[in-house]
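Read the structure below first, then the notes.
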Amino acid sequence: MIGLICLDMQLHFLGNLSLVDLLYASVTTPKMLVSFVSEKKAISYTGCMSQLFFFLLFVIAECYMLTVMAYDRYVAICRPLLYGTVMSPSVCSLLVAAVYTMGLIGSTVETGLMLSLPWICEGYSRGWNPGARGGSRSGTQ
């Protein structure tokens, strides 16, 4: 489906939106499925932070992609005679690159801020179980 959308240049934003949706759903789903099946429900600190980074990357990129799509429709409706000039293939490629760049910057900043929180690092090093009710330590109720 994504391949068919990407073949038509009129639907390039829709193809990128589909890709971002697929990627951010695939960030959390594998760990969630493993947690359903296994007895161990915990996630490592590194795994948690990497999952947070990629989830934020794709969610932020999706928000910016929706903004770019709204701008594309605005130009198509309000300036139909200038649409081909304003939204040329090079401008569209630049907008898509800006979307992914903003997602990367935003997720890097937000993950970096999460890493600077002392209670996050201390909780994982002391055996804090984020999946337990009330965030209790593993082994205690």
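Scanning the stretch 75-97 for residues that are surrounded by fewer than 11 Cβ atoms within 10 Å (Cβ to Cβ) and either among the hydroxyl-bearing types (Ser, Thr, Tyr) or under 15 Å from residue 16 (Cβ atoms) (or both) yields 85, 89, 90, 97. Please tell me if residue 44 is among the small types (Gly, Ala, Ser) and either within 24 Å of residue 109 (Cα to Cα) or over 20 Å from the mean Cα position of the chain (by Cα) (or both). Taking the combined requirement at face value, the residue satisfies it.
Under the condition of being polar (S, T, N, Q), closer than 20 Å to residue 47 by Cβ and modelled with pLDDT under 95, the residues counted in the stretch 73-124 number 2.
Here's the yes/no breakdown for (1) in a loop (DSSP other than H, G, I, E, B); (2) touching a Gly at 6+ places or on another chain (Cβ under 7 Å); (3) touching a residue at least 60 places away in the same chain (Cβ under 8 Å); (4) more than 22 Å from residue 99 (Cβ to Cβ):
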| residue | (1), (2), (3), (4) |
| --- | --- |
| 34 | no, no, no, yes |
| 49 | no, no, yes, yes |
| 52 | no, no, yes, no |
| 55 | no, no, no, no |
| 69 | no, no, no, no |
| 76 | no, no, no, no |
| 81 | yes, no, no, yes |
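Looking across the stretch 25-54, the residues that are of a type in the set (Phe, Trp, Tyr) and at pLDDT below 85 come down to 36, 45.
For the condition surrounded by 14 or more Cβ atoms within 10 Å (Cβ to Cβ), assigned to a helix (DSSP H, G or I) and without any contact (Cβ under 8 Å) to a residue 40 or more places away in the chain, residue 24 qualifies. Every condition in (1) among the aliphatic types (A, V, I, L, M); (2) in a helix (DSSP H, G or I); (3) at pLDDT below 85 is met by residue 59 except one, and the failing one is (3).
All conditions in (1) surrounded by 12 or more Cβ atoms within 10 Å (Cβ to Cβ); (2) of a type in the set (Ser, Thr, Tyr); (3) under 30 Å from residue 117 (Cβ atoms) hold for residue 46, with the sole exception of (1).
The values are calculated or read from the model by the stated rules, or taken from the named source; none is laboratory data. Keep in mind that this is a model prediction, so the values were computed, not measured. Heads up, the Cβs are rebuilt from the backbone with ideal geometry, glycines too, and the neighbour counts pull from every protein chain shown.
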